[in-house]
Amino acid sequence: MNFHLRLWRQEGPSAKGGFEEIEARDIPAEASFLEMLDIVNNRLIKEGREPVAFESDCREGICGTCSMVINGIPQGPGRGAACQVYMRTFRDGDSITVEPFRVAAFPLVKDLVVNRSAYDRIIQSGGFITEHTGGAPDAAAMLIGKREADRAMDAAACIGCGACAAACPNSSAMLFVGAKVTHLSLLPQGQPERSGRALNMVRAMDEEGFGNCSNYYACEAVCPANISASVIATLNREFVAAVIKVEVAN
Amino acid sequence: MTSSSQKKAPSFFASSIGKKWVVALTGVLLIGFITLHLLGNLAIFLGPEAINSYSEKLHHLGVLLWIVRLGLLVVAGLHVFFTMALWRENKKASLEKYAVRQKLETTLYARSMRLSGLVVLGFVLFHLAQFTWELTNPDYKNWMDALGRHDVYRMLISAFSNLWVAGFYLLSVGLLALHLAHGVASLFQTLGLTSEKLRPRFERVSLIVAVLFFLGYASIPLAVFFKVVS
């Protein structure tokens, strides 16, 4: 298959970027989007040109590293990360526009690569639990209801890829933070830090310069892990409950 | 992270979620106001006696009326102020738009909240100038009914017989309905009172509420313009 690519090229964070038109020729239909870019890059290297910088790691849809916007959709069309987009989903001769995530809190590094450390810093502010060291406890020692376990697992599916903030017209990270707070606050292991987690993660999110949620639900529409925007409602509730709890307790 | 020690939390009103709660709660109060306002003014369909005596009673509330008016001013002010604060932050957080724009689930009315809100705000000022301060037509002040009460009925008939006034009114209540279509469902989400299962229901209720408000408010100028009431 042949494709007409419009790729965002930018030397560095402060350089001026722009689209470069590149032809992708003789691409197997079963190639993933990233493999297609590999083929294009091999050709560019052979021609002595600079390859397109893009990120990838597991290439099986679970790490969330391959942040890019394909035809206006963060992580590309269909569910799953960009690495799970296959070229057979396009038509031969299609024109495909590839851009980096455009979020102020994710500064651009080069071409399609952005720095998503802001999400790591939010996790460091509260995405953890305290746990005993020593021998592993019995699996059934702590009872968790089926509903709570299901909801917590659904929220835990978040891979922190940043597509939510990239899709949001306000560049809000609420789906990500909501998923983490929902996941840990539903489980008994997450109770000791429950209030502090909601307060600290929202503070960290605001400090990183993400926008505010306007309930557009674009995040939910693109999330490769199918996280429901109901986690945002849970976060809204958890945060205010934490504010009240801290105010009343002190 | 070596400890879960809590750094000082930012002020509730400085936080993203705190600001949104203010917008949602003031929104609830404003919906309360437009509900009472609509019910009161539907009295026009009961004839001059009903609406003129409703207006008379309202104005005889004295201090209470002023407390409600000041309260509304504060509530509306907070709603606009915090929305603008959120909007400023959102503009700073999002860089230039994508070359290929996708709508990604957002509805037209969700995307036009600022526009619909600001037009409705402009309309409210005009509406106050017309019917409360009576600046657009100072003659209104002298219109009394047979019982010596302010003739609200005649004032409404006269105002809405004008194509421009009726047209601007209809446009504004249309935009108010769009604002409510997103706002009503949105406030449940912001206040954390929804779930995956409940959200689609709230969204449907939100649309129904918006249509009801539109029909209710639009019925008054339409009835006057088409001389159903005269």
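The values are calculated or read from the model by the stated rules, or taken from the named source; none is laboratory data. Predicted model, so just to flag it, every value in this text is computed and none were measured. Glycine also receives a Cβ, built like all others from the backbone with ideal geometry; neighbour counts cover every protein chain displayed. These accessible areas exclude ligands, DNA and RNA; they are computed on the full protein's heavy atoms, side chains included. Shrake-Rupley method; radii C 1.70, N 1.55, O 1.52, S 1.80 Å.
Of the residues that make up region A:17-30, is at least one of a type in the set (A, V, I, L, M, F, W, C) and out of contact with any strand residue (DSSP E or B) (no Cβ under 9 Å at 6 or more places or on another chain)? Steps first, answer last, please.
Keep residues of region A:17-30 that are of a type in the set (A, V, I, L, M, F, W, C), which gives A:19, A:22, A:24, A:27, A:29.
After this cut, where a residue has to be out of contact with any strand residue (DSSP E or B) (no Cβ under 9 Å at 6 or more places or on another chain) as well, the list is none.
There is no residue in region A:17-30 that is of a type in the set (A, V, I, L, M, F, W, C) and out of contact with any strand residue (DSSP E or B) (no Cβ under 9 Å at 6 or more places or on another chain).
Being in contact with a Ser or Thr (Cβ under 7 Å, 6 or more places away or on another chain), open to solvent by less than 60 Å² (accessible area, probe 1.4 Å) and within 14 Å of another protein chain (Cβ to nearest Cβ) narrows it down to one residue among B:Val23, B:Val75; which is it?
Details: B:Val75 fails: within 14 Å of another protein chain (Cβ to nearest Cβ).
After ruling out the rest, the residue left standing is B:Val23.
Select from region B:91-139 the residues that are closer than 30 Å to A:Gly17 by Cβ, open to solvent by 80 Å² or more (accessible area, probe 1.4 Å) and not in a loop (DSSP other than H, G, I, E, B) and list them in ascending order.
Answer for region B:91-139, where residues must be closer than 30 Å to A:Gly17 by Cβ, open to solvent by 80 Å² or more (accessible area, probe 1.4 Å) and not in a loop (DSSP other than H, G, I, E, B): B:Lys91, B:Lys92, B:Arg111, B:Arg114.
Inside region A:185-232, can you point out the residues that are among the polar types (S, T, N, Q), out of contact with any Asp or Glu (no Cβ under 8 Å at 6 or more places or on another chain), at the interface with chain B (Cβ under 9 Å from one of its Cβ atoms) and outside any helix (DSSP H, G or I)?
A:Ser214, A:Asn215 - these are the residues of region A:185-232 that are among the polar types (S, T, N, Q), out of contact with any Asp or Glu (no Cβ under 8 Å at 6 or more places or on another chain), at the interface with chain B (Cβ under 9 Å from one of its Cβ atoms) and outside any helix (DSSP H, G or I).
Could you tell me whether region A:13-24 includes any residue that is in a loop (DSSP other than H, G, I, E, B), small (Gly, Ala, Ser), at pLDDT 95 or above and surrounded by 12 or more Cβ atoms within 10 Å (Cβ to Cβ)? Write out each step before concluding.
Here is the first cut: in region A:13-24, the residues in a loop (DSSP other than H, G, I, E, B) are A:13-17.
Then drop every residue that is not small (Gly, Ala, Ser), which leaves A:14-15, A:17.
From the residues that got through so far, the ones that are at pLDDT 95 or above too are none.
There is no residue in region A:13-24 that is in a loop (DSSP other than H, G, I, E, B), small (Gly, Ala, Ser), at pLDDT 95 or above and surrounded by 12 or more Cβ atoms within 10 Å (Cβ to Cβ).
Kindly establish whether A:Gly145 is out of contact with any strand residue (DSSP E or B) (no Cβ under 6 Å at 6 or more places or on another chain) and more than 11 Å from A:Leu235 (Cβ to Cβ). Walk me through it before giving the result.
Values: out of contact with any strand residue (DSSP E or B) (no Cβ under 6 Å at 6 or more places or on another chain): yes; more than 11 Å from A:Leu235 (Cβ to Cβ): yes.
When the stated conditions are applied, A:Gly145 passes them.
Could you check region A:234-250 and list, in sequence order, the residues that are within 9 Å of chain B (Cβ to nearest Cβ), among the aliphatic types (A, V, I, L, M) and either open to solvent by 20 Å² or more (accessible area, probe 1.4 Å) or in contact with a Lys or Arg (Cβ under 8 Å, 6 or more places away or on another chain) (or both)? Outline the logic, then answer.
Of region A:234-250, the ones within 9 Å of chain B (Cβ to nearest Cβ) are A:234-243, A:246-247.
Restricting the remaining residues to those that are among the aliphatic types (A, V, I, L, M) gives A:235, A:240-243, A:246.
A:Ala241, A:Ala242, A:Val243, A:Val246 - these are the residues of region A:234-250 that are within 9 Å of chain B (Cβ to nearest Cβ), among the aliphatic types (A, V, I, L, M) and either open to solvent by 20 Å² or more (accessible area, probe 1.4 Å) or in contact with a Lys or Arg (Cβ under 8 Å, 6 or more places away or on another chain) (or both).
Using beta carbons and a limit of 6 Å, which pairs, at least six apart or on different chains, have the first residue in region B:75-101 and closer than 15 Å to A:Cys168 by Cα and the second one in a helix (DSSP H, G or I)?
Close Cβ pairs (under 6 Å, with a partner that is in a helix (DSSP H, G or I)) amount to B:Leu86/B:Lys19.
Filter region B:146-177 down to the residues that are part of a loop (DSSP other than H, G, I, E, B) and open to solvent by 30 Å² or more (accessible area, probe 1.4 Å) and list them by number. First the steps, then the outcome.
Step one: of region B:146-177, the residues part of a loop (DSSP other than H, G, I, E, B) are B:146-149, B:151, B:161-162.
Of everything in region B:146-177, those that are part of a loop (DSSP other than H, G, I, E, B) and open to solvent by 30 Å² or more (accessible area, probe 1.4 Å) turn out to be B:Ala146, B:Leu147, B:Gly148, B:Ser161, B:Asn162.
Could you look through region A:25-49, keep only residues that are assigned to a loop (DSSP other than H, G, I, E, B) and without any contact (Cβ under 8 Å) to a residue 12 or more places away in the chain, and pick out the one that is least open to solvent (accessible area, probe 1.4 Å)? Break it down into steps so the answer makes sense when it comes.
Step one: of region A:25-49, the residues assigned to a loop (DSSP other than H, G, I, E, B) are A:25-31, A:47-49.
Checking which are without any contact (Cβ under 8 Å) to a residue 12 or more places away in the chain leaves us with A:47-49.
Numbers: A:Glu47: 97, A:Gly48: 67, A:Arg49: 95 Å².
Here the residue is A:Gly48.
Out of A:Ile144, A:Ile123, which single residue is open to solvent by 10 Å² or more (accessible area, probe 1.4 Å) and either away from chain B (no Cβ under 13 Å) or more than 16 Å from the chain's Cα centre (by Cα) (or both)?
Values: A:Ile123 fails: either away from chain B (no Cβ under 13 Å) or more than 16 Å from the chain's Cα centre (by Cα) (or both).
Only one candidate passes the filter, namely A:Ile144.
Looking at A:Cys58 and the list (1) surrounded by 12 or more Cβ atoms within 10 Å (Cβ to Cβ); (2) touching a helix residue (DSSP H, G or I) at 6+ places or on another chain (Cβ under 7 Å); (3) not assigned by TED's automatic domain parsing to the domain that holds A:Ala204, which single condition is not satisfied?
(2)
Condition (residue is touching a residue at least 40 places away in the same chain (Cβ under 8 Å) and over 15 Å from the mean Cα position of the chain (by Cα)) applied to region A:158-168: is it met by at least one residue? Before the answer, list the steps.
Residues of region A:158-168 touching a residue at least 40 places away in the same chain (Cβ under 8 Å): A:158-168.
Filter once more, so that each one left must be over 15 Å from the mean Cα position of the chain (by Cα): none.
No - not one qualifying residue is present in region A:158-168.
Name the pairs whose Cβ atoms lie under 6 Å apart, with the first residue in region A:87-111 and touching a residue at least 24 places away in the same chain (Cβ under 8 Å) and assigned by TED's automatic domain parsing to the domain that holds A:Phe19, the second aromatic (Phe, Trp, Tyr) and open to solvent by less than 20 Å² (accessible area, probe 1.4 Å), and 6 or more positions between them or separate chains?
Taking only residues 6 or more apart or on different chains, the pairs are A:Asp94/A:Phe3; A:Ile96/A:Phe3; A:Ala105/A:Phe210.
Could you figure out which of (1) assigned to a helix (DSSP H, G or I); (2) farther than 20 Å from B:Ser16 by Cβ; (3) modelled with pLDDT of 95 or more; (4) not hydroxyl-bearing (Ser, Thr, Tyr) isn't true of A:Val109?
If we test A:Val109 against (1) assigned to a helix (DSSP H, G or I); (2) farther than 20 Å from B:Ser16 by Cβ; (3) modelled with pLDDT of 95 or more; (4) not hydroxyl-bearing (Ser, Thr, Tyr), just (1) comes out false.
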